[in-house]
1. Taking N as the number of residues in the range 290-350, what is its Cα Rg relative to 2.2 N^0.38 Å?
2. How would the range 31-132 be classified by its alpha-carbon gyration tensor: rounded, prolate or oblate, with rounded meaning a/c under 1.5 and the a/b versus b/c comparison settling the rest?
3. Charges only on Cβ, +1 for Lys and Arg, -1 for Asp and Glu: so what's the dipole of the chain about the Cα centre, in debye to the nearest 20?
4. Tell me the accessible surface of residue 421 in square angstrom (1.4 angstrom probe, heavy atoms of protein chains only), to the nearest ten.
5. On the protein heavy atoms, probe 1.4 angstrom, tell me the percent of accessible surface of the chain carried by carbon and sulfur.
6. Could you report the range 380-502's accessible area per residue, 1.4 Å probe, as an integer in Å²?
7. Dipole magnitude of the range 237-374 about its Cα centre, charges +1 at Lys/Arg Cβ and -1 at Asp/Glu Cβ only, in debye to the nearest 20?
8. Once you sort the root eigenvalues of the Cα gyration tensor of the range 368-459 as a ≥ b ≥ c, which label holds: rounded (a/c under 1.5), prolate (a/b larger than b/c) or oblate (the other case)?
Amino acid sequence: MNWRIKPLASILESAEKKSLTRTLGAFQLTMLGIGAVIGTGIFVLTAEAAQKAGPGMMMSFVIAGFVCAVTALCYAELAAMVPVSGSAYTYSYAVLGEVIAWMVGWALILEYAVAASAVSVGWSNYFVGLMERSFDIDIPAAFTSGMHVGGIMNVPAAVIALLVTSLLVLGTRESATVNAILVAIKIAALTLFIILAVPVMSMENFEPFSPNGFIGEISGMGIAGAAASIFFAYVGFDAVSTAAEETKNPQRNMPIGLIGSLVICTIFYVLVAGGAVGSIGAQPVIDPATNLAYEPGSADVAIACRQPENADKLVCSGEPLAHVLDQIGWKKVSQLIGLAAFLALPSVILMMLFGQTRIFFSMARDKLLPFNEQLTKIHPRFHTPHVVTIVTGLAVTVFAAFFPVGVLADLSNSGTLFAFLTVAAGVMILRKRDPDRHRPFRAPGVWIVAPLAMAGCAFLMFSLPLRTQLTFFIWAGIGLLVYAVYGYGRSPLGQNGHSNGSTKQPAPVQD
């Protein structure tokens with residue numbers, strides 16, 4: 001079979017022909033990682049996880065964090081070896097071949113573009129809460145939710161997606177500077193939440209710890225289902241790797257940015273989740289007819305949460321952290337938390353859009369996407385890939401306007417998990433195929449770490465709701481069709497005859 005594996009040296013040579021400017025250092029990368037990771041997952045999806053697992057979502061955070069940790073080590077090795085745009089797509093091209101690389105790039109659309117839409121919806125929830133709490137402005141539900149709960153479209157979510165797209169067009173350095181400010185706001189808000197919520201924790205609020213079991217009776221529920229959903233809270237550290245081509249000394253700074261941002265975020269998550277559960281509880285809303293928890297994001301749970309006895313529950317809040325502080329008596333501070341989320345969540349949208357545009361840029365540069373000449377255009381003044389950024393931003397806006405946050409997050413996770421699994425496999429394959437290649441960073445215990453990453457990703461993938469799994473496989477099928485009709489015949493590898501598995505090339509020149 002002709003796998004069309006692209007040698008690493010060819011990837012680096014292609015990048016030099018139409019390259020991006022290197023402006024980012026280790027600190028900026030770490031801030032970008034934190035900006036991408038801390039966001040909707042902890043500010044919004046805490047309520048979704050509680051509906052799936054109850055207090056057991058604490059274990060869900062640990063499971064998802066562990067899978068991300070072992071995957072991050074694999075990412076760090078490949079990112080340092082292949083310091084160009086494209087993330088898992090580029091790595092797969094060099095290791096597993098063009099077909100797999102295309103599928104990974106296609107799956108990453110679900111990770112980044114759909115994730116940006118999910119965060120936009122999460123931001124909208126805090127925007128609506130902020131308007132109600134601070135200014136007593138009641139925005140009609142028809143314009144703050146999609147048709148799944150009787151609305152028309154989520155206007156605030158669409159607006160913020162367009163604004164962030166405009167910022168990205170202006171420039172990478174400008175975006176990173178704004179992001180660093182927003183990251184500081186997020187860290188300050190979460191620190192304040194921990195200081196106020198953790199001291200009032202009660203062990204009674206952790207009982208029953210796992211009301212829906214480890215694997216729920218309904219697909220996607222239980223601690224495992226919550227872990228698959230809350231995985232979204234960690235997604236974003238790999239977005240750092242998409243900035244490799246714009247990083248100074250990537251062989252040193254890439255691993256620092258990837259692993260450093262993940263460690264910092266994990267510490268915050270454990271403390272914040274413990275404070276939320278321990279202070280007001282996290283029991284799910286139950287269907288009295290079946291005695292089972294409703295699926296989060298469904299019309300049934302929306303109706304149940306309108307009942308007076310459920311209105312104050314964590315699982316019924318679209319802005320759970322502000323809601324927790326409101327319930328424990330810190331009403332003014334809850335407004336500040338809502339304001340912080342309102343100000344800071346756009347940094348996550350920024351990084352998701354950043355990652356998606358760089359992956360599209362790499363795929364277009366490899367001539368695997370239609371209109372590749374237009375998509376790889378660099379703005380003469382701002383020096384950014386403005387065409388691909390605008391196209392991506394418009395698509396994100398449409399998804400944000402019409403779909404609920406939980407459904408978007410789960411769909412994003414499916415693409416992410418597939419890409420992560422591929423990266424873990426790629427590290428092992430490259431260790432065997434090209435053991436002498438220079439590795440600025442080596443994943444420790446790779447023959448244990450990489451299989452753990454693959455197994456963890458597969459477990460979380462099949463813990464997602466069945467409808468999400470089916471949607472992913474349909475999306476993958478569409479991707480294969482697009483590749484067969486367009487990409488296969490136009491690929492430079494097919495025309496130039498690069499089809500063998502050899503990747504033995506001189507080590508890339510370091511900055």
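The values are calculated or read from the model by the stated rules, or taken from the named source; none is laboratory data. Only a predicted model underlies this, so the values are computations on that prediction, with no experimental measurement involved. Counting neighbours? That spans all protein chains shown, and the Cβs are built from the backbone with ideal geometry, glycine included. With ligands, DNA and RNA removed, areas are computed over all heavy atoms of the protein, side chains included. Shrake-Rupley method; radii C 1.70, N 1.55, O 1.52, S 1.80 Å.
1. The range 290-350 yields a ratio of 1.34.
2. Working: a/c = 2.34, a/b = 1.74, b/c = 1.35.
Prolate, since a/c reaches 1.5 and a/b exceeds b/c.
3. Working: 29 positive and 29 negative charges, 367 e Å.
So the magnitude is around 1760 debye.
4. Using a 1.4 Å probe on the heavy atoms, I get roughly 60 Å².
5. 67
6. Value for the range 380-502: 46 Å² per residue.
7. Details: 9 positive and 12 negative charges, 97 e Å.
Dipole of the range 237-374, to the nearest 20 debye: 460 debye.
8. oblate
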